[in-house]
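The values are calculated or read from the model by the stated rules, or taken from the named source; none is laboratory data. Note that this is a predicted model, so its numbers are computed, not measured. Neighbour counts are summed over all protein chains in view; Cβ atoms, including those assigned to glycine, are modelled from backbone coordinates with ideal geometry. Remember, those area values only see protein heavy atoms, side chains included, never the ligands or the DNA or RNA. Shrake-Rupley method; radii C 1.70, N 1.55, O 1.52, S 1.80 Å.
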Amino acid sequence: MAFQKPTGTQDLLPGNVERWQVVEEKAREISRRFNYREIRTPMFEQTNLFVRGVGETTDVVEKEMYTFEDKGKRSMTLRPEGTAGVVRSYVENKLYGEPDVTKLYYIGPMFRYERPQAGRQRQFHQFGIEALGAVDPALDAEVIAFGYQFCRELGLKGVEVEINSVGNAASRAAYRQHLVDFLLPIKDTLTKESQARIERNPLRVLDSKDDQDKFGGAPSILDSLDEESSNHFEKVKQNLDAMGVEYTVNPRLVRGLDYYTLTAFEFKAEGIGAIDTIGGGGRYNGLVGDLGGPDQPGIGFGIGLERIQLILEHQGVQLNEAKPLDVYMVALGEAAETEVTRQLFKLRQAGFSAERDYLGRKMKAQMKSADRFKARYTAILGEDELVRGEIALKNMETGEQRTVKLNQLVEELG
């Protein structure tokens, strides 16, 4: 039988993967500028880490996790999101002992079992950041500005930021009752999933895509914020204003994970129909303690790289993709073959990207290959040139060809 990739996954082939590399390089470069350091955590963790961290009543835990029992009869889960694993590592490795705020970023695959569609895969990739150790609203604004700037520098059009405050525990408790009072009279008109959540986790009801038309008169959580939560949110907005980051306050934005407190936000861009959300995040001041660490606050975001690629393509944004080859070496004759092998390795050692023919083709076919690789130069070595210790160097853009000494090829290309 012919094997095919699993449903909800994709092969990133040469010619396309270069676009991903550009996005990943931008993520690393902007992380350096904002002073975030890379962390790499396992792709699977104990299942209970996600149940406790993400929340039992979330779609992720209830319906989407890839969970399996290992040979030691332990329940393991492929990571469905990045924050829980990073916080687990933060606690286990006692990074909270650092004197400064711990600022981390990650890039890698996540796994959720859901119906595959455009921009939503079962194996998908995220770029995310986490800042742990400070509750300063200026840090919330920095995290939001980081994601906003990342999207802008990639060339995405129509980048928007939506923000909200989901309050602290006291604010949410007050809001919870107001929301339940609103939802109970319309309970029979809601989906069965939303009905079940009214008692278990009413804020999650507002996340229901199928019931959005029922929430026109829903109370706003902003009306239930206590003084602490309200002041925090106002300072976040002041800091965003100071940086010139445009945003919209969306009182219904609650995000899909249970660990969020205070600030919540999403990044959007001009997408394809309903596909416009690139990613989002928020503050999670209780998560470190829930996972066994000290009471340390945190905030972060996750951005879907499949979504980024889909919207970039839809918007016609041209990325600087694969760099052209520096030099393609053409060997004419058996003696020249050995010398080309030697020169090719010297060029690569010197930092040049270089290639040669391995199919025994004639010179014309080799020159066509150089064109396909968009080589800046072609270096042609025949037996006569070899005897003289020279090589022909052709500029593929201008067509100019000159002869240089073999032992000076690296310097001539520099």
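Yes/no per residue for (1) of a type outside the set (A, V, I, L, M); (2) within 15 Å of Gly282 (Cα to Cα); (3) open to solvent by 10 Å² or more (accessible area, probe 1.4 Å):
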residue	(1), (2), (3)
Ala134	no, yes, yes
Ala141	no, yes, no
Phe150	yes, no, no
Glu153	yes, no, yes
Val161	no, yes, no
Ser165	yes, yes, no
Asn168	yes, yes, yes
Ala174	no, no, yes
His178	yes, no, yes
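For the stretch 309-320, state whether one or more residues are without any contact (Cβ under 8 Å) to a residue 40 or more places away in the chain and more than 30 Å from Val143 (Cα to Cα).
So far as the stretch 309-320 goes, no, none of its residues is without any contact (Cβ under 8 Å) to a residue 40 or more places away in the chain and more than 30 Å from Val143 (Cα to Cα).
Being among the basic types (Lys, Arg), in the same structural domain as Gly298 (by the TED database) and either over 32 Å from the mean Cα position of the chain (by Cα) or not in a helix (DSSP H, G or I) (or both) is the filter here; which residues of the stretch 142-183 pass it?
Lys157
Just checking, does the stretch 89-98 include any residue being within 23 Å of the chain's Cα centre (by Cα) and part of a strand (DSSP E or B)?
no
Considering each of Gly292, Gly298, Gly360 in turn, give the residue that is at positive phi, in contact (Cβ under 8 Å) with a residue 60 or more places away in the chain and not aromatic (Phe, Trp, Tyr).
Residue meeting the stated conditions: Gly292.
Which of the residues that make up the stretch 387-400 are more than 46 Å from the chain's Cα centre (by Cα) and open to solvent by 50 Å² or more (accessible area, probe 1.4 Å)?
Passing the criteria: Val387, Arg388.
When the stretch 59-77 is examined, which residues are found to be hydroxyl-bearing (Ser, Thr, Tyr) and open to solvent by less than 30 Å² (accessible area, probe 1.4 Å)?
Result: Thr77, single match.
Can you pull out every residue in the stretch 15-27 that is in contact (Cβ under 8 Å) with a residue 24 or more places away in the chain and either touching a Leu at 6+ places or on another chain (Cβ under 7 Å) or open to solvent by 90 Å² or more (accessible area, probe 1.4 Å) (or both)?
Arg19, Trp20, Val22, Val23, Lys26
When the residues of the stretch 120-132 are filtered to those that are touching a Gly at 6+ places or on another chain (Cβ under 7 Å) and not aliphatic (A, V, I, L, M), which remaining residue is surrounded by the most Cβ atoms within 10 Å (Cβ to Cβ)?
Glu130
So for the stretch 69-92 (the condition being of a type in the set (Gly, Ala, Ser) and farther than 23 Å from Gln296 by Cα), does at least one residue qualify?
Checking the stretch 69-92: at least one residue is of a type in the set (Gly, Ala, Ser) and farther than 23 Å from Gln296 by Cα.
Taking the options Val317, Val327, name whichever one is buried (at least 20 other Cβ atoms within 10 Å of the Cβ), in contact with a Leu (Cβ under 8 Å, 6 or more places away or on another chain) and not polar (S, T, N, Q).
The unique qualifying residue is Val327.
Evaluate the stretch 348-356: report whether one residue or more is in contact (Cβ under 8 Å) with a residue 40 or more places away in the chain, farther than 16 Å from Pro324 by Cβ and either assigned to a loop (DSSP other than H, G, I, E, B) or open to solvent by less than 70 Å² (accessible area, probe 1.4 Å) (or both).
Yes, the stretch 348-356 has at least one match.
Residue by residue, here is whether (1) aliphatic (A, V, I, L, M); (2) in a loop (DSSP other than H, G, I, E, B); (3) free of Cβ contacts under 8 Å to residues at least 40 places away in the same chain; (4) open to solvent by 30 Å² or more (accessible area, probe 1.4 Å) holds:
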residue: Ser194; (1), (2), (3), (4): no, no, yes, no
residue: Leu222; (1), (2), (3), (4): yes, no, no, yes
residue: Phe233; (1), (2), (3), (4): no, no, no, no
residue: Val254; (1), (2), (3), (4): yes, yes, no, no
residue: Thr263; (1), (2), (3), (4): no, no, no, no
residue: Glu266; (1), (2), (3), (4): no, no, no, yes
residue: Gly279; (1), (2), (3), (4): no, no, no, no
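Among the candidates Glu62, Glu69, Glu45, Glu81, which residue alone is among the charged types (D, E, K, R) and closer than 20 Å to Thr9 by Cβ?
After ruling out the rest, the residue left standing is Glu81.
Given the conditions (1) outside the structural domain of Ala145 (by the TED database); (2) modelled with pLDDT of 90 or more, report the number of the one that Ala322 does not fulfil.
Of (1) outside the structural domain of Ala145 (by the TED database); (2) modelled with pLDDT of 90 or more, only one is false for Ala322: (2).
Being touching a helix residue (DSSP H, G or I) at 6+ places or on another chain (Cβ under 6 Å), of a type in the set (Val, Ile, Thr) and either in a helix (DSSP H, G or I) or buried (at least 19 other Cβ atoms within 10 Å of the Cβ) (or both) is true for just one of Thr378, Thr341. Which residue is that?
Thr378
For the stretch 197-220, what are the residues that are in a helix (DSSP H, G or I) and either at pLDDT 95 or above or open to solvent by less than 20 Å² (accessible area, probe 1.4 Å) (or both)?
Within the stretch 197-220, Arg197, Ile198, Pro202, Arg204, Val205 meet the criteria.
Which of the residues that make up the stretch 381-400 are in contact (Cβ under 8 Å) with a residue 12 or more places away in the chain and either assigned to a strand (DSSP E or B) or more than 22 Å from Gly351 (Cβ to Cβ) (or both)?
Leu381, Gly382, Glu383, Glu385, Leu386, Gly389, Glu390, Ile391, Ala392, Leu393, Lys394, Asn395
Could you grab me the full set of residues in the stretch 84-116 that are open to solvent by 30 Å² or more (accessible area, probe 1.4 Å), among the aliphatic types (A, V, I, L, M) and touching a Gly at 6+ places or on another chain (Cβ under 6 Å)?
Selection gives Val101 alone.
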